[in-house]
Structure formats: structure tokens, C-alpha cells
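A.B. asks: Take a look at the following structure, please.
A short reminder: the numbers here are calculations on the coordinates, not readings from a lab. Keep in mind it's a predicted model, so treat the numbers as computed, not measured. All Cβ positions, even for glycine, are placed from backbone atoms using ideal geometry, and neighbour counts span all protein chains on display.
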Amino acid sequence: MKELQNLRQSAYRIRRYALRMGEVQGQGYIGQALGYADVLAVAYRHALRLRPSEPQWEGRDRFLLSHGHYAIAFYAALIEAGVIPESELDTYGSDDSRLPMSGMATYTPGMEISGGSLGQGLPIAVGMALGLRRKENPAFVYNSMSDGELDEGSTWEAAMAAAHHGLSNLVCLVDINNQQADGPSGKVLGFEPLADKWAAFGWHVQRVDGNDLAAVLEAFDAARALREARPRVILFDTLMGKGVPFLEQREKNHFIRVDPPEWQEAIRILDESQQTEGVPA
Amino acid sequence: MNTAVAEKKPRLTTSAMIASIAAEGQRVKAAPFGKALVELAATRPDIVGMTADLAKYTDLHLFAQAYPERFFQMGMAEQLLMGAAGGLAKEGLVPFATTYAVFGTRRAYDFIHQVIAEENLNVKMCCALPGLTTGYGPSHQATEDIAMMRGIPGLTIVDPCDALDIEQAVPQIAAHQGPVYMRLLRGNVPLVLDEYDYRFELGKAKLLRDGADVLVISSGFLTMRALEVARDLAADKVDVAVLHCPTIKPLDEAAIVEAVRYRHRLVVVAENHSIVGGLGEAVASTLLRHRVQPAGFQLAGLPDAFLDAGALPTLHERYGISREALGARIKRWLD
């Protein structure tokens, strides 16, 4: 229970960092960041083996941000994990910043790949997992992707290959918030029944509520503990804007519009809800 | 067409997908790429091989047989091939990824651009059937691959002439830090350059023969053609120099400028590639920027068109890159 309380605080701080970055830039994929904060909290405060002061440590678990536009959420997680300093948050999306709007490996410590051209993370993850196995390095590769990337053929090329090569060191995380650029993902290009699809491709599949910290924690642990020689996928159903009710209820959109005074309002509401939960900030 | 003439010529068949570009009786070496890679890998445990269901057709099957634990079959999935090659390179391995040039470039372009080149990863893409080396039509003829690949920052591009070029290029592209795209000749590959006191040096153009009347600047197997044409034209008292440019990018601009300046009345760039975006345009740009103006300048590449299917000798003749057709073009340009 203590760990869940700590993770709740982590998720709260990740949301708060993301909102502060959104305020700096006046925009950002904040809906996704708030929705995915719980998954990132468990990844960076529980599941991943890493050394914050040594982002390139050979023994680290690799976390690939295939959906580069989630950078705002990912930077918040890196701040929470101690990989980049909180003070750097004010540079988000600014000239010469290490924190560009779309995540790039060449800019940011702890950013493993340059994502953003969607559907590339999983193919890269397959190569890294093969490479780690060849080096007899026991680290895991976590490929994080959005549900929109299920449209990309390369995702399924990689899904076939991961199963074919029995990549038990590969975990794919899919954020299902059901929002793409042109509307609900299911309407843009239907992807259900999703768990069945991955299972048919030869993967170990879990589908959980991505905003239920206990369920997320359990899924990460189960994926890692599995003793089968096959890749694992965790499908996370998440709520865009989670934690800030007026953003949760805003007309659903890939890119949620937030007006200038609303950033402070969102942070205030987030802080209040954290206090009412009785968890010290 | 005169029917009497047409009846005299035998109608050739397209034959195998990979028809040899070697002339009958020409000296060849079998599988120079595969053999060179197997040899190099004996001392380079970081080298791994990958393919998209074309190991046998890129001579990579030799590597797969020699080092099965270092060979990764990616299936007929070129985006995966290039993406996963990037992943292996990120883990410190040096992948040699093979497929056909059409699929490697046209289908997987964004993966090469974003995954491999943007991070300057150590991936060596070796792609067969460059330009017009198959009669299977545009689906298999990579006539614009150099144009596409030249657009990618930091990518080294190699277009070898023969078996010697290939076997010497393999260790050098492996030693080079960064991504390389090499056009691959496979199977029985002509052996030509051993007669010219020549060594492949990555990034260097080499003057194979000098001559006062024409300078042919060439890459790939068009260098072999240029050397043949030079011999043929010598009988007509036309003196042809040949500058072989196996590295298309970065281009050896100094050697090109040096070879052209003050010396030749006609410069011809000969390449197994579309005249759009290939070596020809790269040389033209180099000469203009260096204020070097040859008396004449012509492109002996493939036309900006979707090429026909058919037998290779027919197509090489039709598009002006056979020995006879190239010689005739140069003579015409001289008149």
C-alpha cells in the first residue's frame, strides 16, 4: 500500500510538471500526458531498472517513446525519475532547449529514440531486443506507443518478427485513449478486438485500466515475471485529461485546447484533488 | 522499324530476375559481397547480417551459413528491416542489411531517414538490383535510388563497379562510423579493375586512364562500360579518360574539378541511374560551384522515365548504356 501511495504522488507530480510545461509553451499534448501519467509513474518509479545520473548505463532497461508527441509527458517522467532537473522544465519547447516539442534522442538524456514518425518504435525495439540477447544483456526493452500507431503496417511487421524471434525481453505498452488527429481512433481505423489481434500474433497480452495504479503495477510485474519465450504487450485504456475534470470533460480531441488562464486553474484543481486524497504533496 | 532488320535480330527473353551484367566470356568473381563479409566478420564479432527474405539473392546467405547466430531474418518487411537494423546499431552492433534497392529505398525511406540517419547509426545497407540490372520493369528497377538517398543528410553512398570494388569496399564501409548505402552487384560479378592499378578508397575518385579528347566520369558498372568504350574509340583516334567515382556521397569534388579543369573538350557523366538526381547532377553542381566550364557536358544516364521490361542487353541498348550505345552517344556528342 505504501508503494501505491508513493506512485500516486509520482503520478501527481508528473501531471503537475506536464501542466507547467504546457503553460510555458501555451500548448502541448497535455490531454495525453494527464492520461498516461499513471503508466509513466509505474514505469519510472517501479518497473524500469535505471541509473538517473547515468542515462546510458549499459544495464538499463530501454524505454522507447515511439509516440514522440508524448514528449511533454515523458519529460515530466524524466524529471520525476531524476534524469533531468526540474529547473529545466521552463525551457520546454524553446530555442536551444534539450526538451523539444517532439522527442528526439539527440536532444534529451534518457530519450532512447527519435520518435514522432509513428510506427517506428516497435521495429527499433525488435532490433534492440535482438541486440541485447546477442550481447547476453538481461535488460528489457519497453516500447511505448499510441493507439494511432496500430494503423501503421510497420507495427504489425514488428509484431510478427518479435513473436517469430521469441523476444521475451520485449514489452510493448499501448496507450489506448481512443483519440487520433481526425477523431476517435476506432472511427479513424477500427482496431478492435485488440487483445485478440495481439494474441493471434503470438504475444502475451494484458489489457488493463491505465488509470488504475494497482492494475498498472500488477501488469508491469506480470509482463516481466512471465517465463515464456515470447514478447509481451500491455494495452492500457486511459482517459485523456485524467486528474483535471474540466479537461477530462472537454470535447475530446487529439490536441486539447487550453486557454491561457486555464493552466493555473488546472494546476490548482490538481493540487486540491491531491490534498483531498490525503496524500502529502 | 524496317521489318527486314527486325527479322534478323533474335528476340531475347527477359530470363532470370537477376541476369548477369557480365558479357560472354568476361572474367567474373562469384558472390564477392558475401565472401568479403564472411571474411571480415571472422575478426569483427560486432558485425551482424539481416535481410528481408532476400539473403540468397543478395549473397548474404553465405554469411548466414557461416554465422547463423549472427544472422537475423526479418521476413519480407523492409520497414522492419531498417528499423530493427537501427535498433541493433543502437546496441553497438554493426548490421549489414540487405534487400533489393527498390524495396530498401522506396519502401523503407522514412525508416532510413529517421531511425538510421538522423542518429548517424552504424547501419550498412547493401541493396541489390541497382538501376537497370533486371528486366523485370519498374517494380524491380531502382533507377532513382541514388536521387532519394542523396537527399538524406550524412548518408554515405557507394556505387561499386565490379567484384574488386565490392570486396575492397566491404571492410571500409564497415570501418566507417555512420550509415552507408551501397548498391550491390551479386552473383557472378565482372572483374575489371584489377587491370588498372586500382584500389577502392571510400570517398575517393580514381582516374583509371587519361585521355585528351573526352573525360567520362562514372560510377557503378558504367565505369566498366566507359573503359570498354575508351578502348573502342581509341581505334577511331579518340582519346578517352575515365574517372571512376564509386563514392557518390560525399563526392570527391577535388578530384572531379582537377580532372575537368583546362583539359577536356567533352565531359560525359555515365551512370546506371536516372539522369535526375544522380551522379550527373552532382558533378554538374560541383563544376558550376567551382567555376569550371568544360567545352561540352552530357549526361549518359537512364532517361527520366519508367523503363521497359525485357532482356537486359535489349534494354541497355535501348537506353544507351550498352558498350555500343554508349560509344555511339559519345561519338555523336563529339561531332
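A.B. asks: Just to confirm the number: angle between the C-alpha axis of helix A:260-276 and the first principal axis of chain A, 0 to 90 degrees, nearest 10?
C.D. replies: Tilt relative to chain A: about 80 degrees.
A.B. asks: Hey, what D do you get for the stretch B:203-334 in µm²/s if you plug the Kirkwood alpha-carbon radius into Stokes-Einstein at 20 °C and 1.002 mPa s?
C.D. replies: Approximately 147 µm²/s, per Stokes-Einstein.
A.B. asks: In which sequence would B:THR133, A:THR108, B:THR314 go, from the one with the fewest C-beta neighbours within 10 Å to the one with the most?
C.D. replies: B:THR314, A:THR108, B:THR133
A.B. asks: Something else: How much of the DSSP bridge set in chain B is antiparallel, in percent, rounded to the nearest 5?
C.D. replies: 20
A.B. asks: Which one, B:TYR262, B:ASN272, B:LEU207, projects farthest toward the positive side of the charge dipole computed for the stretch B:203-334 from Cβ point charges (K/R +1, D/E -1)?
C.D. replies: Farthest along the dipole direction, towards plus: B:TYR262.
A.B. asks: So what are the three principal axis dimensions of the stretch B:28-190 from its Cα atoms, in whole Å, longest to shortest?
C.D. replies: 38, 37, 27
A.B. asks: Pick from B:ILE217, B:ILE146, B:ILE21: which residue has the top mean-square fluctuation in a GNM of chain B where Cα pairs under 10 Å get a spring?
C.D. replies: B:ILE21
A.B. asks: While we're on this one: In degrees from 0 to 90, rounded to the nearest 10, what is the angle of the helix A:121-134 Cα long axis to the longest principal axis of chain A?
C.D. replies: 50
A.B. asks: Further question on the same structure: Could you give the dipole magnitude of chain A about its Cα centre, charging the beta-carbon of Lys and Arg +1 and that of Asp and Glu -1, in debye to the nearest 20?
C.D. replies: Charge dipole of chain A: 820 debye, to the nearest 20.
A.B. asks: Determine the distance separating the Cα centre of the stretch B:146-221 from the Cα centre of the stretch A:7-51; give it in Å without decimals.
C.D. replies: 50
A.B. asks: Where the only charges are on Cβ atoms (+1 Lys, Arg; -1 Asp, Glu), what is the dipole of the protein assembly as shown about its Cα centre, to the nearest 20 debye?
C.D. replies: Here the size comes out at about 1380 debye.
A.B. asks: Given axes a ≥ b ≥ c from the Cα gyration tensor, I'd like to know whether the stretch A:166-281 is rounded (a/c under 1.5), prolate (a/b larger than b/c) or oblate.
C.D. replies: It is oblate, given that a/c is not under 1.5 and a/b is not larger than b/c.
A.B. asks: Would you mind computing the Rg to Rh ratio of the stretch B:106-158 from its alpha-carbon coordinates, Kirkwood style for Rh?
C.D. replies: Here Rg/Rh amounts to 0.99.
A.B. asks: Relative to the present Cα-Cα distance, how much length would full extension add between A:ARG49 and A:LYS187 at 0.36 nm per residue of separation?
C.D. replies: Contour length minus Cα-Cα distance gives 45.9 nm.
A.B. asks: Sticking with this one: Nearest 20 debye, what's the magnitude of the dipole of the stretch A:164-281 about its Cα centre given +1 on Lys and Arg Cβ and -1 on Asp and Glu Cβ?
C.D. replies: Once rounded to the nearest 20, the dipole reads 580 debye.
A.B. asks: A further question on this structure: Just need the relative contact order of chain B here, percent rounded to a whole number, with Cα pairs under 8 Å and 6+ apart.
C.D. replies: 17
A.B. asks: Just tell me which lysines come within less than 17 Å, Cα to Cα, of B:LYS56; anything on the same chain fewer than 8 places away is out.
C.D. replies: Filter leaves B:LYS29, B:LYS35.
A.B. asks: Compare the Cα positions of A:PHE201, A:GLN27, A:LEU7 along the charge dipole of chain A (+1 at Cβ of Lys, Arg; -1 at Cβ of Asp, Glu; about the Cα centre) and return the one farthest towards the positive end.
C.D. replies: A:PHE201
A.B. asks: A follow-up question, please. Mind putting together the pair-distance distribution for chain A? All Cα pairs, 5 Å bins, whole percent per bin, short to long.
C.D. replies: Result, from short to long distances: 1, 6, 13, 18, 20, 18, 13, 7, 3, 1, 0 percent.
A.B. asks: Does a label point 7 Å from the Cα of A:ASN6, set along Cα-to-beta-carbon, have any residues of the stretch A:29-72 with amide nitrogen under 16 Å, and which are they?
C.D. replies: Answer for the stretch A:29-72: A:41-52.
A.B. asks: Another one. Give the aspartates and glutamates whose C-alpha is closer than 12 Å to that of A:LYS197, dropping any in the same chain fewer than 8 places away, or say none.
C.D. replies: Here the aspartates and glutamates satisfying the reach criterion relative to A:LYS197 do not exist.
A.B. asks: Largest first, please: the extent of the C-alpha atoms of the protein assembly as shown along each principal axis, to the nearest Å.
C.D. replies: Reported extents, whole Å, longest axis first: 97, 50, 49.
A.B. asks: What nm distance separates the two modelled labels at B:TYR196 and B:ALA254, each placed 7 Å from Cα along Cα→Cβ?
C.D. replies: Distance between label points: 2.1 nm.
A.B. asks: If I model the stretch A:115-195 as equal point scatterers sitting on the Cα atoms and use the Debye formula, what is log10 I(q)/I(0) at q = 0.19, 0.21, 0.27 Å⁻¹?
C.D. replies: -0.80, -0.93, -1.32
A.B. asks: At a Cα cut-off below 23 Å, give the lysines reachable from A:LYS135, other chains included and same-chain residues fewer than 8 away excluded.
C.D. replies: The qualifying lysines are B:LYS90, B:LYS124.
A.B. asks: Using alpha carbons only, what's the Rg to Rh ratio of chain B with Rh from Kirkwood?
C.D. replies: Ratio of gyration radius to Kirkwood radius for chain B: 0.97.
A.B. asks: Rounded to the nearest 10 degrees, what's the angle between the helix B:32-41 long axis and the longest principal axis of chain B, both from Cα atoms, 0 to 90?
C.D. replies: 40
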